[in-house]
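Chemist: What follows is a structure written as structure tokens; I'll ask about it next.
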Amino acid sequence: MAMDQVNALCEQLVKAVTVMMDPSSTQRYRLEALKFCEEFKEKCPICVPCGLRLAEKTQMAIVRHFGLQILEHVVKFRWNSMSRLEKVYLKNSVMELIENGTLNILEEENHIKDVLSRIVVEMIKREWPQHWPDMLIELDTLSKQGETQTELVMFILLRLAEDVVTFHTLPFQRRRDIQQTLTQNMERIFSFLLNTLQENVNKYRQVPRFSSLHLVNQATTCAQGQSTATAIP
């Protein structure tokens, strides 16, 4: 795969996304840009490297979001046709994005956090536990990298619980496999949630009253932890 091809396609995609989001663009140009982007997602064989490039935190938020949407589309509609090496590469790349490709918890856009968590959950629904036995260990390690990572891990657990337990969005056998594994690991999951809540409550109590930014950080993490704990049966 030539990096020149990735660079050229990414440049075209950035222009197309910018046209779609520019209120001064004509309807014709918007529709042409939308068609180009949709055809790229459906047909391009190098969606993963392009999606990863566009999702880098140095890009504009709208471009990052589109890059992540490309990766989500790959997981949802191309996963079964991918080789094991391609799946592992994509999984590791997304986890790396969460670890090093995100902004501060209050700076990162909510729609970026949302689509990142969706991608991971879609991979979990296809891989865990059979092909991703260490998923919970990886999430636990990831949560220790920073506040944004902790919040994203809780988003992932919350969405997984909702998809599997509440909304029943999976085929019966996959839902049963994941639900059984969730039940087997319930002690570990709740221990993680309780430890996270306690840690952030302690930080909240130690922060000086004038440091409002830190207070909001801890309150945000605590709120997400409470939501996740409530969703998991």
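The values are calculated or read from the model by the stated rules, or taken from the named source; none is laboratory data. Just so it is clear, the structure is predicted and the values come from calculations on it, not from any experiment. When we count neighbours, we look across all protein chains shown, and the Cβ atoms used for this are built from the backbone with ideal geometry, even at glycine.
Chemist: Looking at (1) closer than 23 Å to residue 107 by Cβ; (2) touching a residue at least 24 places away in the same chain (Cβ under 8 Å); (3) among the β-branched types (Val, Ile, Thr), which is the only condition residue 48 fails?
Modeler: Condition (1) is where residue 48 drops out.
Chemist: Further question: Just to verify a result, which residue in the stretch 180-200, among those that are among the polar types (S, T, N, Q) and out of contact with any Gly (no Cβ under 9 Å at 6 or more places or on another chain), is nearest to residue 149 (Cα to Cα)?
Modeler: Only one residue fits best here, namely 195.
Conditions tested, residue by residue: (1) over 13 Å from residue 72 (Cβ atoms); (2) hydroxyl-bearing (Ser, Thr, Tyr); (3) in contact (Cβ under 8 Å) with a residue 40 or more places away in the chain.
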{"position": "102", "(1), (2), (3)": "yes, yes, yes"}
{"position": "109", "(1), (2), (3)": "yes, no, yes"}
{"position": "113", "(1), (2), (3)": "yes, no, yes"}
{"position": "137", "(1), (2), (3)": "yes, no, no"}
{"position": "148", "(1), (2), (3)": "yes, yes, yes"}
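Chemist: Is there any pair linking a residue in the stretch 69-92 that is closer than 13 Å to residue 122 by Cβ to one that is exposed (fewer than 14 other Cβ atoms within 10 Å of the Cβ) and at pLDDT 95 or above, with Cβ under 9 Å and at least six apart or on different chains, and which?
Modeler: Here the result reads 73/42; 77/42; 87/131, each pair linking the stretch 69-92 to a residue that is exposed (fewer than 14 other Cβ atoms within 10 Å of the Cβ) and at pLDDT 95 or above.
Chemist: Kindly provide the set of residues from the stretch 51-69 that are within 17 Å of residue 92 (Cβ to Cβ) and in contact with a Phe, Trp or Tyr (Cβ under 9 Å, 6 or more places away or on another chain), ordered by number. Reasoning before the result, please.
Modeler: Within the stretch 51-69, the first condition is being within 17 Å of residue 92 (Cβ to Cβ), and the residues that meet it are 51-53, 55-56, 67-68.
Passing the criteria: 51, 55.
Chemist: Then there's this: Cβ-Cβ below 7 Å, separation at least six or inter-chain, first residue in the stretch 15-34 and touching a residue at least 24 places away in the same chain (Cβ under 8 Å), second β-branched (Val, Ile, Thr): which pairs?
Modeler: 17/62; 17/63; 21/62
Chemist: Go through the stretch 16-36 and give me each residue that's surrounded by fewer than 12 Cβ atoms within 10 Å (Cβ to Cβ) and in a helix (DSSP H, G or I).
Modeler: Hits for the stretch 16-36 are 27, 28, 35.
Chemist: For the stretch 63-105, what are the residues that are hydroxyl-bearing (Ser, Thr, Tyr) and under 14 Å from residue 117 (Cβ atoms)?
Modeler: The one that is hydroxyl-bearing (Ser, Thr, Tyr) and under 14 Å from residue 117 (Cβ atoms): 102.
Chemist: I need the full set of residues from the stretch 80-100 which are farther than 12 Å from residue 146 by Cβ and surrounded by 15 or more Cβ atoms within 10 Å (Cβ to Cβ), in order please.
Modeler: 82, 87, 89, 90, 91, 93, 94, 95, 97 - these are the residues of the stretch 80-100 that are farther than 12 Å from residue 146 by Cβ and surrounded by 15 or more Cβ atoms within 10 Å (Cβ to Cβ).
Chemist: Is there a residue in the stretch 41-53 that is under 29 Å from residue 128 (Cβ atoms), of a type in the set (D, E, K, R) and loosely packed, with under 13 Cβ neighbours inside 10 Å?
Modeler: From the stretch 41-53, those under 29 Å from residue 128 (Cβ atoms) are 41-42, 44-53; that's our starting set.
Next, from what is left, pick out any that are of a type in the set (D, E, K, R): 41-42, 53.
Still in the running and loosely packed, with under 13 Cβ neighbours inside 10 Å: 42.
Scanning the stretch 41-53, I find at least one residue that is under 29 Å from residue 128 (Cβ atoms), of a type in the set (D, E, K, R) and loosely packed, with under 13 Cβ neighbours inside 10 Å, so the answer is yes.
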